[in-house]
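Each remark here refers to the structure printed beneath this line.
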Amino acid sequence: MATSVGRFEDPSAEVLDEAAAAFGLLAAPARLHLMWALSQGESDVTRLADRVGGALPAVSQHLAKLKLAGLVGSRREGRRQVYYVDDPDVVTVVRVMVGQLTARTRQTTAPVRRLRGAGG
């Protein structure tokens, strides 16, 4: 049963499941970093591995998961596989979150509070 608060209706269980899965993929710092890097422009796996400081096989696996989820896409350019963001709305969420946390850390000398386990 969908409920409404004000002008917003609660999302369906399917939508919440899909959102949770996307957030779950982005919960890994390496995948979040890859999305951040790809939000700046497309790149091949070698450059991405250099940028995020990951081993090539691990970065390839992360990209495969992001691709299966529909968050990134790829195309072949000669012998290279070039990756790009396939869901610009997710990039918006990533940019807002990372931007807000970056701004907070610049405003104070206090470390960013951990959100893990928060909820009570």
query = Is the shape of the range 1-71 rounded, prolate or oblate, going by the alpha carbon gyration tensor and its root eigenvalues a ≥ b ≥ c, with a/c under 1.5 for rounded and a/b larger than b/c for prolate?
reply = prolate
ask   = Roughly how many nanometres apart are two label points built 7 Å out from the Cα toward the Cβ at THR46 and GLU14?
value = 4.3
request  = Using only the Cα atoms of the chain, build the gyration tensor, take square roots of its eigenvalues as a ≥ b ≥ c, and label the shape rounded, prolate or oblate: rounded if a/c is under 1.5, else prolate if a/b is larger than b/c, else oblate.
outcome  = oblate
The range 55-71 - phi-based ³J(HN,Hα) in whole Hz, Karplus 6.51/-1.76/1.60, Gly and Pro as x = 6, 3, x, 5, 5, 4, 5, 4, 5, 4, 5, 5, 5, 4, 7, x, 8
task = Counting helices only, and only those DSSP H runs with n ≥ 4, report the 222 nm mean residue ellipticity of the chain as the sum of -39,500 (n - 2.57) divided by its residues, in deg cm²/dmol to the nearest 500.
result = -17500 deg cm²/dmol
remark   = For the range 1-84 the trypsin sites (Lys or Arg not before Pro) that pass both the DSSP coil test and the at-most-13 other-Cβ-within-10 Å test are ARG7, ARG79
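Throughout, read-outs are computed from the coordinates displayed, never taken from laboratory work. This is a predicted model, so every value here is computed, not measured. Glycine also receives a Cβ, built like all others from the backbone with ideal geometry; neighbour counts cover every protein chain displayed.
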